[in-house]
1. Once the dipole of segment 172-243 is set up with Lys and Arg at +1 and Asp and Glu at -1 on Cβ about the Cα centre, which of ASN207, ILE180, LEU225 lies farthest towards its positive end?
2. How charged is the neighbourhood of GLY175? Take every other residue with its Cβ under 14 Å from the Cβ of GLY175, and add Lys/Arg as +1 and Asp/Glu as -1.
3. Assuming a ≥ b ≥ c are the square roots of the Cα gyration tensor eigenvalues, decide whether segment 180-239 counts as rounded (a/c under 1.5), prolate (otherwise, with a/b larger than b/c) or oblate.
4. Find how many whole Å separate the alpha carbon centroid of segment 49-120 from the alpha carbon centroid of segment 126-200.
5. Can you tell which of ASN157, TYR118, ASN136 lies farthest toward the positive end of the dipole of the chain, using +1 and -1 charges on the Cβ of basic and acidic side chains (Lys, Arg; Asp, Glu)?
6. Determine the dipole magnitude for the chain: charges of +1 sit on the beta-carbon of Lys and Arg, -1 on that of Asp and Glu, nothing else is charged, the reference point is the Cα centre, and the result goes in debye to the nearest 20.
7. For segment 106-190, what proportion of DSSP beta bridges, expressed in % and rounded to the nearest 5, is antiparallel?
8. Among 33-43, 75-85, what's the highest-first ranking by average C-beta atoms within 10 angstrom per residue?
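What follows draws every value from the coordinates through simple rules; no lab data is involved. None of these values were measured; they are calculated from a predicted model. All Cβ positions, glycine included, derive from the backbone under ideal geometry; neighbour counts span all protein chains shown.
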Amino acid sequence: MSIKLIATDLDGTFLRDDKSFDAPLFQKVFEKLEQQNIEFAVATGVHQRRIDMIFKHFKDYPINFVTNNGARVIRSDNTVLFEKALPLDVLKDIQILLNHYQPRPDHGLVYATDHTAYMPRSNPKGMNQRYFQYFNEKKYFDDVDEIDQPIFKVTMNWQNHDESLFYHAAHQALGHRVHITETGTGGIDIVPAHVNKASGLKILAQNLSIEPQNIAAFGDGGNDLEMLNFVGHPYLMPNTRHKLNLLQDYQIVHNDNNHSGVLYTINQLITN
């Protein structure tokens, strides 16, 4: 097995449920990856600010990033290989959809850059408190015309609502002008059209001159599906909440995310 790039999702995959990971084991595994010239990438739905917080003790490590479900791709030397924001006309239609959809998101609604959370002023007070720690800045708006930064995704959550109903409503309203996917943590992300983890990983792999058959990837959610179908060595977490077992030639990680399943599997792969 000739693996030259390993990519992993974060929530429910690489991270424990408390959002931590085994730092000493990661350091050990990463040193082995470097010795064997194997690239490592984080492929996630979250934005760069939150990733930087997660890997704050490894900020000097050469890690590649596919963030915001593929809307940004950053090489380990901090070169931005790709970024695509939602156009203003699309943001306007998203705002109209969310203003009329019932029930309105009551657990979270953020228009996100990599460092700033833009939130409708009409959001219920305190609704996005859990997001605030992950952004450098939070700003409120009445209309998307007021947003003066590129928005890479719109994230929304409900406390007691079947998100699949909104998923279908958003598809009807927005069509192929966006890509709609789950967040990996029970919500919905709307990102630019033709953007997903696979498209981002493909850009990174081409830049690194690595073929898909030489890539291994780990995931557990619906927003990992395209990526897992793209790579030559897809790995599913045993605690996956979705029907990703429809993939062909996938393998199941033996340990779950709370027991460093990704790191132990990588260590086994590069030791054999």
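1. Checked the options; the winner is ILE180.
2. -1
3. Here segment 180-239 falls in the oblate category.
4. A separation of 8 Å, based on Cα centres.
5. Result: ASN136, furthest along the dipole toward the positive end.
6. Approximately 200 debye in magnitude.
7. The antiparallel fraction comes to roughly 70 percent.
8. Details: 33-43: 17.8, 75-85: 14.2.
Output ranking for 33-43, 75-85: 33-43, 75-85.
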